[in-house]
Every structure is written in C-alpha cells, then in structure tokens.
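This report refers to the structure that appears directly beneath it.
The values are calculated or read from the model by the stated rules, or taken from the named source; none is laboratory data. Only a predicted model underlies this, so the values are computations on that prediction, with no experimental measurement involved. As a convention, Cβ positions derive from the backbone with ideal geometry for all residues, glycine included, and neighbour counts pool all protein chains shown. Ligands, DNA and RNA are stripped out before the accessible areas are found, and what is left, the full protein with its side chains, is counted by its heavy atoms. Shrake-Rupley method; radii C 1.70, N 1.55, O 1.52, S 1.80 Å.
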Amino acid sequence: MWLRRYRSISVFISTIFLFLLTHGMVQAATVRFVDKEGNTLAEVEYTLYQQAIYIPVEELNDIFKSDVSPLYDRPRKQLTIKLKERELVLLMGRNTVKVPADNQTLTLSLPPRAIDGKPMLPIIFFTEILPSIDDVEVLYNPNLQRIRFMPKTAWIPDPDDETQEWTIVIDPGHGGQEDIGCKAQSGLLEKDVVLNVGREIQKLSKQYGYKIHLTRESDVEKTRIQRVQSSNRIRGNLFLSLHCNASFSKKRNGMHIFINNPNGMLRFRTLTMPSFGKNKLNLRTQSNFLTQSKEFGTILQKEMNFMTEKPIPISELPLIALDEIYMPAILLELGYLTNNNDASLLADHNHIKELATAITRALHTYTMKSSQSSDMTDANQQE
Ligand SMILES: [Zn+2]
C-alpha cells in the first residue's frame, strides 16, 4: 500500500515536472563554459549528487571540441580520457587520477561517479586537474555556475620589461571615524570593504612585476588632496579608486565602472590646478589620459563581467574625486551596500578574494598591453 502510493506520487510528481519542463517553466540547471573573452564554449546540464555538481563525461567533447576522447570501461568502472595529448585514468568512486605518461597521480577532492550508469565528473575536475596537465588557468564561479578557461598568465621577469618599474595606485575610499562611507543594514561599512579588497590586490600583485601603492593602508582618514598628492608624487601609472554604492531603492545592485572624463555628461567648473613645485604640471589634466583610462575600463569590465549575471556598465563622468590625478584613473563601485544580496557578498571573504583576483588580472593585462605600446606612455610622462 505504502509502496503503491509512493509509486503513484512519484509518477504524479514526474508528470508535473515533465509538464513544467516541456512548457518551459522549469529551467534545467546548467554550467556555462566560457573562453578568455567570456564567449560561451558550451552550456552543459548538470546533475546534483550529494550536493555536488556533476557533469556527464560525454560532454567533454562538446566543451573541448575535438581535443578529447573519453573511453568508459563499464565492468571495471574505469574511465580513460585523452586530453591534450595526455591520458588520464580515473576510477568511479576513487579520488585519484593517474597520468601514466608522467608517472603521476593527481588527487580530486571529489571522486568521479557512475550516476544512473553514466560516468560523471565532479565540476572541480576542471579547476583541480586541468591546470596541472594543460597550459590553462581555470576560474569557477559557483554562484553563476560559470567556468572560464584562460591561457596561463605566468609572469616571467624580463629585464627589459618596463612594467617592472610601474606603480599602480589603489585608493580605498573613505576611512577613519568620521568618514565611514555607506553602511549596510548588517553594519558592514564601505571603508572596511574597500580596504579589504585593496589589501588583497596588494597581496595578489606580488606575483607580477608592478608595485602597488595604497592611498591608505589602515582605517585612517585621508583627504582627497592627500590621496591625490601622494599618488602624483610617486608618479603612479594608473589610479584605481574603490568604493561601494548606496541607493534608496533596495533593489539596485551590481558593480559599476566610472571613467573620469572631464568632458563627460556633467560639467564642473575647472578647478585651479595645484602646483607640485613644477609649474608645468598645471597644464596637465585628466583628459590627457582619457584614452588609457578607457582602455583600462574596458579590460576591467571584461574581467568583472565573469562575476556577475548582468554586464557591468561603464559610465564616463567628470569625477571630482579623480580630478587632478596625473595618470589614467578609474573608479570602481564594488556593489550596493543597501542591497541585501550585494552586502552579504561583500561581507564574504571568498567574494572579496574573487574581486581582488579579477582586478589584479585586469591590472596585469593592462600593464602588459601598455608596455607593448609604451610610446604613448612615454610621451605622456615627459615633462
Ligand atoms: Zn564611497
């Protein structure tokens, strides 16, 4: 009786599910694989097994196109994948991955599984195994179920590389007891979020050649003029100001990139340029650096888009906060503290790390590009 009822209930539920699915009311859950530029390589339906995401092995062909040939030995539950000229041997339910050619054994934190008779790989296969057998970097965004493959960007010191001399200014907004910036319902403060991201960028940037200068390294008050002066004095090559947003509407959310364009939509009366001992500095304004600011803005946008559902907007405005800074300058709003979802993300250390990683990656791309077209930079830096 119980069994019968159970059976009829499950038939009933699956009928409803099938109806909803065929009528487009239930969206099958998928993982999207994207390339360096964010273009979709494949969209793969996944199976949830013990709270972990698994994808069918046969989808590898779709993800890597012709590079892969998975072979499944059903009786032995052994899976052989030929990937990038290397053979990987996996056993269902086992965490080890053998690479016979290299006499190497790699470890997966979750084993592959035969689910409904089909061999499946845990999603972490891509982040844990792939980078060690291929020249690829893999970024996984679990919030959006997105995986991005990128060529490895290992930085090899080159004595001729000018970016080794570069200093990038990261400006965590606000600070101190008086200027806390905006505040989330949870009590999270803008001044703390931006400092956390700034410090993380400083840590991550050590693997690259450039130096990071933070306009404040702790919870102290700094005036706009102090920030501007210290950045100009050290002759920074790029200025990135970090802030969080606030709105009366709790629904408003997401990141936003602002480029300082003195001729942008709004117009402020030109301020008297401060003198730093050299009168010639007075002739220079932010508009000298507009092209470079835009270039970095676009690179940053591409990196940050990986982290969000909707594309991040770029706006060009005359930004008083970035005026009088004699280098390309961008202001990045990391999210709305008045939006509960954004606020909880910004309170999460993993999210802060992801943000900083994406920003560092953008900085690296920008410095590499700029060192290739350094003529322009040189022209701008000459007195
Ligand atoms: Zn702010």
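Let's see how each residue does on (1) within 16 Å of the ligand (Cβ to nearest atom); (2) surrounded by 19 or more Cβ atoms within 10 Å (Cβ to Cβ); (3) in the same structural domain as Leu334 (by TED's automatic domain parsing):
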position	(1), (2), (3)
Gly175	yes, yes, yes
Ile180	yes, no, yes
Gly187	no, no, yes
Glu190	yes, yes, yes
Val193	yes, yes, yes
Glu200	no, yes, yes
Lys203	no, no, yes
Gln207	no, no, yes
Lys211	no, no, yes
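May I ask you to verify whether Leu88 is modelled with pLDDT of 90 or more, crowded, with 16+ Cβ neighbours inside 10 Å, in contact with a strand residue (DSSP E or B) (Cβ under 6 Å, 6 or more places away or on another chain) and outside any loop (DSSP other than H, G, I, E, B)?
Yes, satisfied.
Give the residue that is nearest to the ligand (Cβ to nearest atom), with candidates limited to residues of region 304-335 that are part of a loop (DSSP other than H, G, I, E, B) and open to solvent by 40 Å² or more (accessible area, probe 1.4 Å).
Our first condition is that a residue be part of a loop (DSSP other than H, G, I, E, B); within region 304-335, this holds for 306-313, 318-319, 323-328.
Going one step further and asking which of them are open to solvent by 40 Å² or more (accessible area, probe 1.4 Å), we end up with 309-311, 313.
Details: Glu309: 23, Lys310: 22, Pro311: 22, Pro313: 17 Å.
My answer is Pro313.
If Thr215 meets every condition in (1) farther than 20 Å from Glu354 by Cα; (2) at pLDDT below 95 apart from one, which number is that one?
Status for Thr215: all satisfied but (2).
Can you pull out every residue in region 96-138 that is more than 20 Å from Val68 (Cβ to Cβ) and either open to solvent by less than 60 Å² (accessible area, probe 1.4 Å) or in contact with a Lys or Arg (Cβ under 8 Å, 6 or more places away or on another chain) (or both)?
Thr105, Gly117
Residues that are at pLDDT 85 or above, in contact with a helix residue (DSSP H, G or I) (Cβ under 6 Å, 6 or more places away or on another chain) and in a loop (DSSP other than H, G, I, E, B): does region 235-252 have at least one?
no
Which one of the conditions (1) in contact with a Leu (Cβ under 7 Å, 6 or more places away or on another chain); (2) modelled with pLDDT of 90 or more does Phe306 fail to meet, given that it meets all the rest?
In the conditions (1) in contact with a Leu (Cβ under 7 Å, 6 or more places away or on another chain); (2) modelled with pLDDT of 90 or more, Phe306 misses (2) alone.
(1) outside any loop (DSSP other than H, G, I, E, B); (2) closer than 16 Å to Phe125 by Cα; (3) open to solvent by 50 Å² or more (accessible area, probe 1.4 Å); (4) not small (Gly, Ala, Ser): which one isn't true of Leu79, the others all being true?
Among (1) outside any loop (DSSP other than H, G, I, E, B); (2) closer than 16 Å to Phe125 by Cα; (3) open to solvent by 50 Å² or more (accessible area, probe 1.4 Å); (4) not small (Gly, Ala, Ser), the lone unmet condition for Leu79 is (3).
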